[in-house]
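Below is one structure, written out as structure tokens; comments come after it.
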Amino acid sequence: MSKPVVLITGGGRRIGAATSKLLMESGYYVLIHVRNSKGLAEELIQTHSVENNCQPCGEVIVADLTSDEELNSMITAVKNNPMLKQAGGLFGLINNASIYTPIDFEDLTLEVMRTNFRIHLEVPFILTKQLIQELTNSTGSIVSIIDTSQGRAWEGLSHYTSSKSALRQLMINLAGDLRNQIRVNCVAPGAIISADWEIEHFASVLEKVPMGRSGKPIDIANSVKFLLESDHLSGQIINVDGGWTIVE
Ligand SMILES: NC(=O)c1ccc[n+]([C@@H]2O[C@H](COP(=O)([O-])OP(=O)(O)OC[C@H]3O[C@@H](n4cnc5c(N)ncnc54)[C@H](OP(=O)(O)O)[C@@H]3O)[C@@H](O)[C@H]2O)c1
């Protein structure tokens with residue numbers, strides 16, 4: 001019997017890996033896109049395919065999303081994927097890939113700004129345009145991973161926050177424009193796993209979080225799965241942030 005197929009970008013490690021793992025465990029065939037984390041993603045698939053006796057539960061697609069050529073090859077590979085053809089379409093597109101490095105405004109270049117908008121906005125836009133038929137055929141949906149920065153000034157991160165806000169707004173608008181074809185939703189993680197550069201800052205953020213602790217990657221994965229499977233939800237944003245958004 002065919003399984004519903006989902007594509008997740010940046011799905012080989014951290015939050016993406018937790019989501020890929022949960023979806024494989026839940027009976028999905030997961031196309032795990034990676035750039036550098038190929039080995040991790042292969043290991044994830046191998047482990048879960050053996051544990052769940054599904055040989056395999058997914059596969060890895062490698063692409064640097066800053067490259068048009070590699071993005072186009074990835075789209076072709078998804079469209080021609082035998083499991084997707086067997087399923088009759090794509091059940092889920094999860095826009096998770098991201099870049100997150102602070103840069104003081106005086107050092108912020110147009111190139112960095114463009115790369116952030118490329119990964120956070122252009123790639124989800126292109127994937128939506130190119131995979132809309134496959135999503136429609138499967139009564140599928142899009143879940144984009146945004147953040148809780150909307151309306152706030154995060155020091156040295158204007159390139160990141162502005163491009164994530166653009167993604168948020170694109171998704172909300174598409175939930176309307178594509179209402180007769182697919183559902184479109186977002187998950188907005190709060191403080192889940194710190195980046196290497198922000199360990200000290202992360203501790204100070206946690207002091208502001210009402211629940212007083214960080215979330216876990218599985219908290220994001222659970223919300224993604226919930227949105228994928230909630231047939232009457234569209235245009236929604238779930239803040240998975242321990243209450244952070246209500247106090248700031
Ligand atoms: N961590 C948090 O607490 C937190 C908080 C708020 C929002 N979020 C959002 O939640 C999502 C997951 O967070 P995370 O911290 O797990 O993400 P992450 O580790 O910063 O990035 C996820 C993946 O994006 C991929 N990526 C980056 N540049 C790429 C490129 N040029 N081409 C292809 N792939 C590229 C990387 O894949 P490879 O490893 O394969 O290179 C990376 O593993 C992100 O959208 C993030 O913005 C996270």
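Considering only the stretch 159-170, I want to know if a residue exists there that is closer than 14 Å to ILE94 by Cβ and modelled with pLDDT of 95 or more. Yes - at least one qualifying residue is present in the stretch 159-170.
Condition first: open to solvent by 50 Å² or more (accessible area, probe 1.4 Å) and either within 17 Å of THR19 (Cα to Cα) or not in a helix (DSSP H, G or I) (or both). Now tell me which residues in the stretch 175-199 satisfy that.
Residues satisfying the conditions are ARG179, ASN180, GLN181, ILE193.
Return a yes/no flag: does the stretch 200-212 have any residue that is within 19 Å of the chain's Cα centre (by Cα) and not in a helix (DSSP H, G or I). Scanning the stretch 200-212 turns up no residue that is within 19 Å of the chain's Cα centre (by Cα) and not in a helix (DSSP H, G or I). In this entry, LEU84 is excluded by the filter for residues that are crowded, with 20+ Cβ neighbours inside 10 Å, modelled with pLDDT of 95 or more, not in a helix (DSSP H, G or I) and not small (Gly, Ala, Ser). For the stretch 87-125, filtered to residues that are part of a strand (DSSP E or B) and within 13 Å of the ligand (Cβ to nearest atom), the residue that is nearest to VAL224 (Cα to Cα) is ILE94. Scanning the stretch 213-248 for residues that are touching a Pro at 6+ places or on another chain (Cβ under 9 Å), assigned to a loop (DSSP other than H, G, I, E, B) and of a type outside the set (Asp, Glu) yields GLY215, GLY242, GLY243.
Could you tell me which of the residues VAL205, VAL247, VAL143, VAL209 is buried (at least 22 other Cβ atoms within 10 Å of the Cβ) and either among the β-branched types (Val, Ile, Thr) or at pLDDT below 95 (or both)?
Numbers: VAL205 fails: buried (at least 22 other Cβ atoms within 10 Å of the Cβ); VAL247 fails: buried (at least 22 other Cβ atoms within 10 Å of the Cβ); VAL209 fails: buried (at least 22 other Cβ atoms within 10 Å of the Cβ).
That would be VAL143, the only listed residue that is buried (at least 22 other Cβ atoms within 10 Å of the Cβ) and either among the β-branched types (Val, Ile, Thr) or at pLDDT below 95 (or both).
The set of residues from the stretch 6-20 being free of Cβ contacts under 8 Å to residues at least 40 places away in the same chain and near the ligand (Cβ under 10 Å from one of its atoms) comprises just one member, ARG13. Can ILE75 be described as open to solvent by 20 Å² or more (accessible area, probe 1.4 Å) and in a helix (DSSP H, G or I)? For ILE75, the condition - open to solvent by 20 Å² or more (accessible area, probe 1.4 Å) and in a helix (DSSP H, G or I) - is not met.
Looking across LEU31, LEU23, one residue alone is farther than 20 Å from ASN80 by Cα, within 16 Å of the ligand (Cβ to nearest atom), open to solvent by less than 50 Å² (accessible area, probe 1.4 Å) and modelled with pLDDT of 95 or more. It is LEU23.
Summed over the stretch 152-198, residues that are small (Gly, Ala, Ser) and touching a Leu at 6+ places or on another chain (Cβ under 8 Å) total 4. The residue of the stretch 46-69 that is surrounded by the fewest Cβ atoms within 10 Å (Cβ to Cβ), among those that are within 14 Å of the ligand (Cβ to nearest atom) and in contact (Cβ under 8 Å) with a residue 24 or more places away in the chain, is ASP64.
Name the single residue, out of those in the stretch 34-45 being in a helix (DSSP H, G or I) and among the aliphatic types (A, V, I, L, M), that is farthest from the ligand (Cβ to nearest atom).
ILE45
The values are calculated or read from the model by the stated rules, or taken from the named source; none is laboratory data. Just so we're clear, the structure is a prediction, and the values are computed from it rather than from any experiment. So basically every Cβ, Gly included, is an ideal-geometry build from the backbone, and we count neighbours across all protein chains shown. Please note that ligands, DNA and RNA were not included when accessible areas were found on the heavy atoms of the full protein model with its side chains. Shrake-Rupley method; radii C 1.70, N 1.55, O 1.52, S 1.80 Å.
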